[in-house]
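Heads up: the structure comes next, in structure tokens.
The values are calculated or read from the model by the stated rules, or taken from the named source; none is laboratory data. In this text the structure is predicted, and so the values were computed from the model without any measurement. Because the Cβ atoms are built from the backbone with ideal geometry, glycine has one as well, and the counts that use them run over all protein chains shown. Note: accessible area is taken over every heavy atom of the protein model, side chains too, but ligands, DNA and RNA are not part of it. Shrake-Rupley method; radii C 1.70, N 1.55, O 1.52, S 1.80 Å.
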Amino acid sequence: MTRMDDLVVVGAGPYGLSIAAHAAAAGLDVRLLGRPMASWRDHMPEGMYLKSEPWSSNLSSPDGRFTLASYCATRGIVAEHGTPLPIGTFSAYGLWFARHAAPEVEEVTVTEVTPQGDGFRVRTAEGPPLLTRTVVLAVGVMPFVHHPEALRDLPPSHYSHSSGHRDLSRFAGREVAVLGAGQAALETAALLAESGARPCLVARRSRLHWNTVPQPLERPLPRALRDPHSGLGTGWRSWVWSELPWAVRRLPAPTRERIAATALGPAGAWWLRDRFERRVPVLLGHRLHRAVAVGGRTRLGLTTAAGESVVLDTAHVIAATGFSPDLRRLTFLDAGLRAALETVGGTGTPELGPGFESSWPGLFFAGLLTAPSFGPSMRFVHGAGFTAGRLVKGVLGRLRARGPLPGSSGGARPDRAPAGYPETYLR
């Protein structure tokens, strides 16, 4: 009979790897599909640093052994609070985690996820279809790249997204307009300047925001209580987003929408500020309303807060304008299934249960698409720790509810929780 797996995880970034590690430890027949750490390895310029603190940037395994600090210790690398870590080191850590904590990653491209019977059929570009009882879509951010509408009629060679570059040295000697006010925009602009380009930052905001130097981990108790540390920064608001995603999910949908859209807004890392301000000119309070190709160059029509028109002529435009999570971008997901999913209010993101299961039984989501359900921590690596355990609990609950299926490989249906898991995993 055709094998039917318990779980297929689509995506092998921090969320996918963490979920697969928990699922394998729980005894599930799990397959992990994707290129490990692809966004970090393929879509971030060389020279970038991790914005989050090393201690809040761990992938998640049930025993908690495979931390970023553990990896760095084996390589003689300093990973300490207040010291920015290169993106390349974090990518290497993810690959190390994949080798030691997760099931084998199958580097294939998923082309279709379709309901079939009580499960799903998963097609890839490289081999025969897979059958599975449950699916997790942990696809990261790349399907949701956002470009301003004004750029979309330009020839492709005239503009790009900040996630489209590994090497910025090709812009040496050229003018580049960088759109945005967040870390990606600020760091991309600084790296361009340091690579010999002539960047100019264009932002709608009237001022740039910079994170402050992190407070010491060890502080007097009154100060720690007044301004607690969390995986998403200091302060009680950040602590709630970081430590209580389950509570965020219980809020009304409009409140969750607003939190997902506004919490932890654009800001640059404290260690980047001097590098940026010394070398990058800025046009703040300028909105892009038009972009026209003029020969090999691009002419941007901007409007100031006072309503004045400004024209900026540049060789290339890099949009560091983030990502817009929307189920419609997941074209590999069956159209009928997508249309049937309940969504969070006016967003294009799935409404999820406490175990990250969508309204379609057996279909789970992780990462950016879950931020309007569980809050802003789902936009960061830190959220993988909360997600992995809860989601696998949800998968186990769904499998137990369905019982054995014809053609199943048997799978693990433990009467007791696997080692390292609380009994509540089976409730």
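For region 269-362, what is the Kirkwood hydrodynamic radius in Å, using each pair of distinct C-alpha atoms? Mind dumping the intermediate values first?
On the way: mean 1/r = 0.0562 Å⁻¹.
After inverting the mean inverse Cα-Cα distance, the result is 17.8 Å.
Shape summary of region 319-402, radius of gyration then Dmax from alpha carbon positions: 13.1, 46 Å. Taking Arg250, Arg198 and ordering them by how much accessible surface each has at a 1.4 Å probe, largest first, produces Arg250, Arg198.
Seen from all directions on average, region 211-370 presents a Cα convex hull projection of 14.9 nm². Percent of C-alpha pairs per 10 Å bin in region 76-232, short distances first: 7, 21, 26, 26, 16, 3, 0. Summarising the label geometry, the points placed 7 Å from Cα in the beta-carbon direction at Glu149 and Leu251 lie 2.8 nm from one another.
Rounded to the nearest 500, the helix-only mean residue ellipticity at 222 nm of the chain stands at -7500 deg cm²/dmol, with each DSSP H run of n ≥ 4 adding -39,500 (n - 2.57). Only Cα sites of region 184-275 enter the Debye sum here, all with the same form factor; the resulting log10 I(q)/I(0) across q = 0.11, 0.25 1/Å is -0.48, -1.23, listed in q order.
When nucleic acids and ligands are ignored and a 1.4 Å probe is applied, Met44 ends up with an accessible area of around 40 Å².
With the cut-off at 1.5 for a/c, could you classify region 13-66 from its C-alpha gyration tensor as rounded, prolate or oblate? The shape class here is oblate. Full extension of the chain between Leu284 and Arg402 gives 36.9 nm of extra length, using 0.36 nm per residue less the Cα-Cα distance. Among the protein heavy atoms, those of Thr212 account for about 110 Å² of accessible surface (1.4 Å probe, every chain in place). Taking Glu149, Glu112, Glu187 in turn, the Gaussian network model of the chain (Cα-Cα springs below 10 Å) assigns the largest fluctuation to Glu149.
For region 153-164, putting each phi into the Karplus relation 6.51 cos²θ - 1.76 cosθ + 1.60 with θ = phi - 60° gives couplings of 8, 6, x, x, 6, 8, 8, 7, 9, 4, 7, x Hz, in residue order, rounded to whole numbers and with x for Gly and Pro.
At full extension, Arg204 and Ala340 could sit 45.3 nm farther apart than now, given 0.36 nm per residue minus the alpha carbon distance. For region 176-208, backbone nitrogen atoms closer than 18 Å to the point 7 Å from Thr262 Cα along Cα-to-C-beta are found at 205-207. Please calculate the 1.4 Å probe accessible area of Ser238, with all protein chains present, and give it to the nearest 10 Å². Accessible area of Ser238: about 20 Å². Shown are Tyr49, Tyr93, Tyr15, whose ranking by accessible area with a 1.4 Å probe and every protein chain present, most to least, is Tyr49, Tyr15, Tyr93.
Here the calculated FRET efficiency for Glu277 and Ala306, from their Cβ-Cβ distance with R0 = 25 Å, stands at 0.55, rounded to the nearest 0.05. Between Ala315 and Leu217, full extension at 0.36 nm per residue minus the direct alpha carbon distance yields a gain of 30.8 nm.
Compute the normalised compactness of region 143-227: alpha-carbon radius of gyration over 2.2 N^0.38 Å, N being the residue count. Please report the intermediate quantities before stating the final value.
Values: Rg = 17.8 Å, N = 85, 2.2 N^0.38 = 11.9 Å.
Output field value: 1.49.
In loop segments of region 249-331 as defined by DSSP, the GluC sites (Glu not before Pro) with at most 11 further C-beta atoms inside 10 Å of their C-beta are Glu308. Projected onto their three principal axes, the Cα atoms of region 1-108 cover extents of 54, 29, 20 Å, largest first.
Hull surface divided by four, with the convex hull built on the Cα atoms of the chain: how many nm²?
Directional mean of the projected Cα hull area for the chain stands at 22.5 nm².
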